[in-house]
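Enquirer: Would you mind keeping the following structure in view while I ask a few things?
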Amino acid sequence: MTESRHYLRVGRATDLVDSSERHLYRALEIFPGALAWVTLVFVVIGSAFFPVAIALFIIAFDVYWLLKTVYLSLHLRAAYRRLRVNLATDWRQKLEALPAHAYTLPIESWRQLDHLVILPMVDEGLEVVRPTMQMLAASHYPLEQLMVVLAIEARVGESARQVAQTIEAEFGALFGAFLVTVHPDGLGGEIRGKGSNETWAAREVKEKIVDPRRIPYEHIIASVFDVDTVVRPDFFACLTYQYLTTPNPTRKSFQPVPFYSNNIWQAPALARVVALSATFWHMMQQERPERQTTFSSHAMSFAPLVEIGFWQTNVVSEDSRIFWQCYLHLDGDWRVVPLYYPVEMDANLAPTFWQTMANVYKQQRRWGYGVENVPYFLYGFLKNKAVPFRKKLRFGFMVIEGFHAWATNALIIFLLGWLPLVLGGRLFNVTVLSANLPVVTRNLMTLSMIGLVSSAVLSLNLLPPRPPEYGRFRYLWMVLQWLFMPLTIIVFGALPGLEAQTRLMLGRYMGFWVTPKVRRSAAA
């Protein structure tokens, strides 16, 4: 990597040696959190000193929220229709029928493409890892074209090695290659996180499998899955078809839809609402690829991975950072291709209800810490003059607006919307606007909440088969649980998002928190 591209490996301001550059990056770290807090403080102070203006602002904001809800709801339904079509498609047959002249990659047959599947794990047990491997082994894609890597952490010790050995004994011979990698603890320039483990695993694969076999990097599609990720049999055929029919596929990321549904029947109602809401959000994002960055499970060509030096090892949100690494390294010539196809993972579930709630919050906070990418790409935009200015402006605004909305919108609507009545004083409280503010706000929010009904119905179609230990009454509870939605978008949406931005703003950098995986037969 040339000196001019040093910014591609920056994790936080303290990584920069030059004081002026460090201060610049630190200012960019402060920016998202400061913007969120200024907005919230403005509404609070304005409610006391400018109640009329704030009341009008809140009504306008409620109208905006209603329109945005309708807009996103339409995207959700469009994505659902496309997803259903893709699930009903025989992708292996479609791939077999695709003529070679239709390929956007210079190869003679799709059978020249191999899939690399990296499964980073920490302390997950066989009850989590084995179902993942069973579904990989059930793929309709030729198993000899799958390279599977179980990436364990040395710091976990013998328990992880025993799981890996058992899995290798059961499944290793089924695939074209199977490798267990052990990521050492305490390497310089790393934090304990998924990115460090993935990068170690990818380098091991390159050294021990890809280079000795002289496999062209462009012929490998690399996927990274959490170790609880279950793929459907046609997933790799679908991914291969999209890879071969997308122009310039080595400059693209391919994003499936995360379904947090493996244990959805066992999870508590609040955890289910949060999990299904996340699934809905990523379905809507599939309809807005111009806004999309990579998240959690994703796939891309092995060639650019090698070119950029794999995932960063000094950040929490390596899954989205890899998008920005490629985007900046290739001067803006990178985008996400939505697959409209699911991969299934676990919803949050712990031994007790309150542990589950704590884990839901921590997971949302970690996702919210993806805001660390904002100073990264803004700093990169300043350094990389080759990225077109219009791309910088468009992408920068969309991502920053998204994080700002995450931390502020729900608080403004559900909590701060009544402040002019409380702080506005006697003169405001005798006005017609004062009398109508709660009525208008309530009516607009009621209209917005109508979307909950359709979301509840749609969620039933995304559920896996009902386990026999649950009766049919459970379906009714799966609908009624959406009444918790106003609570979840504040407690498990805005608050962890705001905390993540505040931590970055104050320089209290977060480490990587691993979501515990628990499987059991029933939950309250």
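The values are calculated or read from the model by the stated rules, or taken from the named source; none is laboratory data. Just so you know, these numbers come straight off a predicted model, no measurement behind them. Note that each Cβ is placed from the backbone with ideal geometry, even for glycine, and that neighbours are counted across all protein chains shown.
Enquirer: On the given criteria, is LEU339 more than 27 Å from GLY511 (Cβ to Cβ), in contact (Cβ under 8 Å) with a residue 12 or more places away in the chain and not acidic (Asp, Glu)? Give the steps one after another, and end with the answer.
Expert: Working: more than 27 Å from GLY511 (Cβ to Cβ): yes; in contact (Cβ under 8 Å) with a residue 12 or more places away in the chain: yes; not acidic (Asp, Glu): yes.
When the stated conditions are applied, LEU339 passes them.
Enquirer: If you scan the range 146-182, which residues turn out to be touching a residue at least 40 places away in the same chain (Cβ under 8 Å), in contact with a strand residue (DSSP E or B) (Cβ under 7 Å, 6 or more places away or on another chain) and not aliphatic (A, V, I, L, M)?
Expert: Those that are touching a residue at least 40 places away in the same chain (Cβ under 8 Å), in contact with a strand residue (DSSP E or B) (Cβ under 7 Å, 6 or more places away or on another chain) and not aliphatic (A, V, I, L, M): GLU153, GLY176.
Enquirer: Would the range 63-82 turn up any residue that is closer than 30 Å to LEU447 by Cα and over 27 Å from the mean Cα position of the chain (by Cα)?
Expert: Within the range 63-82 (the criterion being closer than 30 Å to LEU447 by Cα and over 27 Å from the mean Cα position of the chain (by Cα)), the answer is yes, since at least one residue qualifies.
Rundown of residues vs (1) over 18 Å from SER297 (Cβ atoms); (2) out of contact with any Cys (no Cβ under 8 Å at 6 or more places or on another chain); (3) small (Gly, Ala, Ser); (4) buried (at least 23 other Cβ atoms within 10 Å of the Cβ), yes/no style:
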| residue | (1), (2), (3), (4) |
| --- | --- |
| ALA177 | yes, yes, yes, no |
| ILE191 | yes, yes, no, no |
| GLY195 | no, yes, yes, yes |
| GLU204 | yes, yes, no, no |
| ILE209 | yes, yes, no, no |
| TYR217 | yes, yes, no, no |
| VAL231 | no, yes, no, yes |
| THR245 | yes, yes, no, no |
| VAL257 | no, yes, no, yes |
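Enquirer: Right, here's the next one. Go through the range 48-93 and report how many residues are among the hydroxyl-bearing types (Ser, Thr, Tyr), part of a helix (DSSP H, G or I) and over 30 Å from ALA435 (Cβ atoms). Please lay out each step first, then the result.
Expert: In the first step, residues of the range 48-93 are kept if they are among the hydroxyl-bearing types (Ser, Thr, Tyr); the result is 64, 69, 71, 73, 80, 89.
Remaining after also requiring part of a helix (DSSP H, G or I): 64, 69, 71, 73, 80.
Filter once more, keeping what is over 30 Å from ALA435 (Cβ atoms): 71, 73, 80.
Looking only at that region, the number is 3.
Enquirer: Collect the residues in the range 116-146 that are assigned to a strand (DSSP E or B) and among the aliphatic types (A, V, I, L, M), keeping them in residue-number order. If you could, list the steps in order and put the result at the bottom.
Expert: Looking only at the range 116-146, we keep the residues that are assigned to a strand (DSSP E or B), and these are 116-120, 146.
Within the range 116-146, LEU116, VAL117, ILE118, LEU119, LEU146 qualify.
Enquirer: Look through ALA55, ALA102, ALA78 and report the one residue that is among the aliphatic types (A, V, I, L, M), under 29 Å from GLY424 (Cα atoms) and in contact (Cβ under 8 Å) with a residue 40 or more places away in the chain. It would help to see each step written out before you state the result.
Expert: On the way: ALA102 fails: under 29 Å from GLY424 (Cα atoms); ALA78 fails: under 29 Å from GLY424 (Cα atoms).
When all the criteria are applied, what remains is ALA55.
Enquirer: Which members of the range 156-200 meet the condition of being assigned to a strand (DSSP E or B) and closer than 13 Å to VAL122 by Cβ?
Expert: Step one: list which residues in the range 156-200 are assigned to a strand (DSSP E or B), which gives 177-183.
Within the range 156-200, VAL182, HIS183 meet the criteria.
Enquirer: Could you tell me whether the range 200-218 includes any residue that is modelled with pLDDT of 95 or more, in contact with an Asp or Glu (Cβ under 8 Å, 6 or more places away or on another chain) and not aliphatic (A, V, I, L, M)?
Expert: no
Enquirer: Assigned to a loop (DSSP other than H, G, I, E, B) and under 30 Å from VAL182 (Cβ atoms) - does that describe any residue in the range 94-115?
Expert: Step one: of the range 94-115, the residues assigned to a loop (DSSP other than H, G, I, E, B) are 98-99, 103-109, 113.
With the extra rule that they be under 30 Å from VAL182 (Cβ atoms), the set shrinks to 113.
The answer is yes; a qualifying residue exists.
Enquirer: Here is a list: VAL371, VAL336, VAL315. Which entry is under 14 Å from the mean Cα position of the chain (by Cα) and not in a helix (DSSP H, G or I)? First the steps, then the outcome.
Expert: On the way: VAL371 fails: not in a helix (DSSP H, G or I); VAL315 fails: under 14 Å from the mean Cα position of the chain (by Cα).
Every option except VAL336 fails the conditions.
Enquirer: Hey, among the residues in the range 83-95 that are within 15 Å of ARG232 (Cα to Cα) and surrounded by 15 or more Cβ atoms within 10 Å (Cβ to Cβ), which one's nearest to the chain's Cα centre (by Cα)? Please lay out each step first, then the result.
Expert: Of all residues in the range 83-95, those within 15 Å of ARG232 (Cα to Cα) come to 83-92.
Going one step further and asking which of them are surrounded by 15 or more Cβ atoms within 10 Å (Cβ to Cβ), we end up with 83, 86, 89, 91-92.
Details: LEU83: 18, ASN86: 21, THR89: 25, TRP91: 25, ARG92: 27 Å.
Checked the range 83-95; the qualifying residue nearest to the chain's Cα centre (by Cα) is LEU83.
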